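A.B. asks: Take this structure, written in structure tokens, and hold onto it; I'll ask about it next.
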Amino acid sequence: QPGAGSPASPRRAARSRRRPEEKVACGAGAGAMPGRGALCLGLLLHVLLGCGSAQPPGSCLAFCVCSEPARTVKCVNGNLTAVPPDLPPYVRNLFIMGNPLSRLPAGAFPARRLSDLSALNLSGNHLHTVEAGAFAALPALRQLDLSGNPLVSLSPQAFGEGGSPLEELALRGSLRNHSALHNLTAVLQSGALRNLSRLELADNGLLLLPASMFTALPALRHLDLSNNSLVGLRNVSFQGLSQLQSLNLSGNSLSTLRNGTLAQFRSLPALRRISLARNTWVCDCAIEDLAAWLKESDQVEGKETLTCAYPDKMLGKALLKISSSDLDCSTPVDLPSQLQTSYVFLGIVLALIGAIFLLVLYLNRKGIKKWMHNIRDACRDHMEGYHYRYEINADPRLTNLSSNSDV
């Protein structure tokens, strides 16, 4: 009240003046400074985001970048010579690329810490050895990329004994060593990768493929064999690949596809996409089956662009436009058939020579028998002479006699 003169009155008035400011400290009231609310809101968001993305000490090693919200760890172009042992347990996508990593031992990826790891990219390292059990302890692994590594040894037990859930395997440019291709064939034939749906074997310079390389892959849907040097598929079996949808054979050295291979393609119910571009097709009598199949099949992508590479008179001619009159079939062109015929002829000649030799021996059996008896008698006389000389030399009474006589 006016004139009260109480000392508490000024303090109450001061508190009453400060209370509105306290309520609007972050700009929520009428007395707030302009822009102060926005500043407080920004600080609040910064704190929240910082708390969400901050990594606890030691959760990500040197040469690596970790993101817990994305559940991703990237160790790219560092100096890693081994898989980091302390990877965070939340990782689902792991990239270890461009490092001098040369060997994956057993248990390189411990399941107790990496139970959720589903995508593993190891491309562009220096890997040459993958030991047994290297990927065995990854129960959630679905995608594996080993491209761009100079593999020499890939253990058939690299994925464990009980099989792997792996669905996609990329080995681009990693099988230039013959032993690596042999090891991969053993892995595929063992049945450890029965869930595999995509297999990439491009850019490996492959000339020939093992006959039964793909027979234990019932779930395979996409097979990439592009940019190799394949000269034929005569011995390759695609039987059992009932789920195969796409087959990429572009960029190879195929000269033709024979009836056996074409019949396999026809027997695969799901195969709807075959790429045959950039091959050196030889348009002679052996190409007739392929040309006829192309005209009736809808499995080949861009079949209108397939053209002859040899001979010169057929250069650039579309395979779909080839007719029997365009082909010169006056001379045989099937080299394996020619070799087979030559071997048969050689066998007949050798058998005839053998028969003649036996006939000569039979006709001269009496003379041969007499000749053998003469040889036997001569050998007997010779041995008797040696025996006589031995007796003389062994008898001391005859030693002086033989030395003083002409006997």
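The values are calculated or read from the model by the stated rules, or taken from the named source; none is laboratory data. Small disclaimer: the values here were computed from a predicted structure and weren't measured. All Cβ positions, glycine included, derive from the backbone under ideal geometry; neighbour counts span all protein chains shown. Protein only, heavy atoms only, side chains kept; ligands, DNA and RNA dropped before computing areas. Shrake-Rupley method; radii C 1.70, N 1.55, O 1.52, S 1.80 Å.
A.B. asks: I need a count of the residues in segment 293-329 that are basic (Lys, Arg), assigned to a helix (DSSP H, G or I) and open to solvent by 50 Å² or more (accessible area, probe 1.4 Å).
C.D. replies: Within segment 293-329, the subset basic (Lys, Arg) is 295, 303, 313, 317, 321.
Still in the running and assigned to a helix (DSSP H, G or I): 295, 303, 313, 321.
Checking which are open to solvent by 50 Å² or more (accessible area, probe 1.4 Å) leaves us with 295, 313, 321.
So the count comes out to 3.
A.B. asks: Quick check on segment 222-241. Is at least one of its residues touching a residue at least 40 places away in the same chain (Cβ under 8 Å) and either of a type in the set (A, V, I, L, M, F, W, C) or over 30 Å from Gln143 (Cα atoms) (or both)?
C.D. replies: No, every residue in segment 222-241 fails to be touching a residue at least 40 places away in the same chain (Cβ under 8 Å) and either of a type in the set (A, V, I, L, M, F, W, C) or over 30 Å from Gln143 (Cα atoms) (or both).
A.B. asks: Any idea which of Arg258, Arg266 is surrounded by fewer than 17 Cβ atoms within 10 Å (Cβ to Cβ), modelled with pLDDT under 95, in contact with a helix residue (DSSP H, G or I) (Cβ under 7 Å, 6 or more places away or on another chain) and not assigned by the TED database to the domain that holds Arg172?
C.D. replies: Details: Arg266 fails: in contact with a helix residue (DSSP H, G or I) (Cβ under 7 Å, 6 or more places away or on another chain).
Every option except Arg258 fails the conditions.
A.B. asks: When you check Arg234 against the structure, is it in contact with an Asp or Glu (Cβ under 9 Å, 6 or more places away or on another chain), open to solvent by 60 Å² or more (accessible area, probe 1.4 Å) and either in the same structural domain as Pro156 (by the TED database) or more than 18 Å from Gln299 (Cα to Cα) (or both), yes or no? Give the derivation first.
C.D. replies: Working: in contact with an Asp or Glu (Cβ under 9 Å, 6 or more places away or on another chain): no; open to solvent by 60 Å² or more (accessible area, probe 1.4 Å): yes; either in the same structural domain as Pro156 (by the TED database) or more than 18 Å from Gln299 (Cα to Cα) (or both): yes.
Judged against the criteria, Arg234 is not a match.
A.B. asks: Out of curiosity, is Ser118 within 27 Å of Leu201 (Cβ to Cβ), assigned by the TED database to the domain that holds Ala192 and of a type in the set (Ser, Thr, Tyr)?
C.D. replies: yes
A.B. asks: Now for a different question. As an exercise: evaluate Pro69 against (1) modelled with pLDDT of 85 or more; (2) more than 30 Å from Ser155 (Cβ to Cβ); (3) open to solvent by less than 70 Å² (accessible area, probe 1.4 Å) and give the number of the one condition it does not meet.
C.D. replies: Only one criterion is unmet by Pro69, namely (3).
A.B. asks: Identify, from the list Leu271, Leu244, Leu290, Leu249, the residue that is within 22 Å of Asp326 (Cβ to Cβ) and buried (at least 18 other Cβ atoms within 10 Å of the Cβ).
C.D. replies: Details: Leu271 fails: within 22 Å of Asp326 (Cβ to Cβ); Leu244 fails: within 22 Å of Asp326 (Cβ to Cβ); Leu249 fails: within 22 Å of Asp326 (Cβ to Cβ).
The conditions single out Leu290.
A.B. asks: Another question, if that's okay. Can you give me the number of residues within segment 70-89 that are within 13 Å of Ala119 (Cα to Cα) and not basic (Lys, Arg)? Give the steps one after another, and end with the answer.
C.D. replies: Of all residues in segment 70-89, those within 13 Å of Ala119 (Cα to Cα) come to 70-74.
Applying the additional criterion that residues be not basic (Lys, Arg) yields 70, 72-73.
The total comes to 3.
A.B. asks: If you don't mind, there's one more thing I want to ask. Phe95 - would you say it is modelled with pLDDT of 90 or more, open to solvent by 60 Å² or more (accessible area, probe 1.4 Å) and among the aromatic types (Phe, Trp, Tyr)? Quick ask: steps written out before the conclusion?
C.D. replies: On the way: modelled with pLDDT of 90 or more: yes; open to solvent by 60 Å² or more (accessible area, probe 1.4 Å): yes; among the aromatic types (Phe, Trp, Tyr): yes.
Against the criterion (modelled with pLDDT of 90 or more, open to solvent by 60 Å² or more (accessible area, probe 1.4 Å) and among the aromatic types (Phe, Trp, Tyr)), Phe95 qualifies.
A.B. asks: So in segment 139-198, with the set limited to residues that are under 11 Å from the mean Cα position of the chain (by Cα) and charged (D, E, K, R), which one is least open to solvent (accessible area, probe 1.4 Å)?
C.D. replies: Checked segment 139-198; the qualifying residue least open to solvent (accessible area, probe 1.4 Å) is Asp145.
A.B. asks: In segment 182-280, which strands (runs of 3 or more DSSP E) lie fully inside it and hold 2 or more residues that are at negative phi and among the β-branched types (Val, Ile, Thr)?
C.D. replies: Output list is empty.
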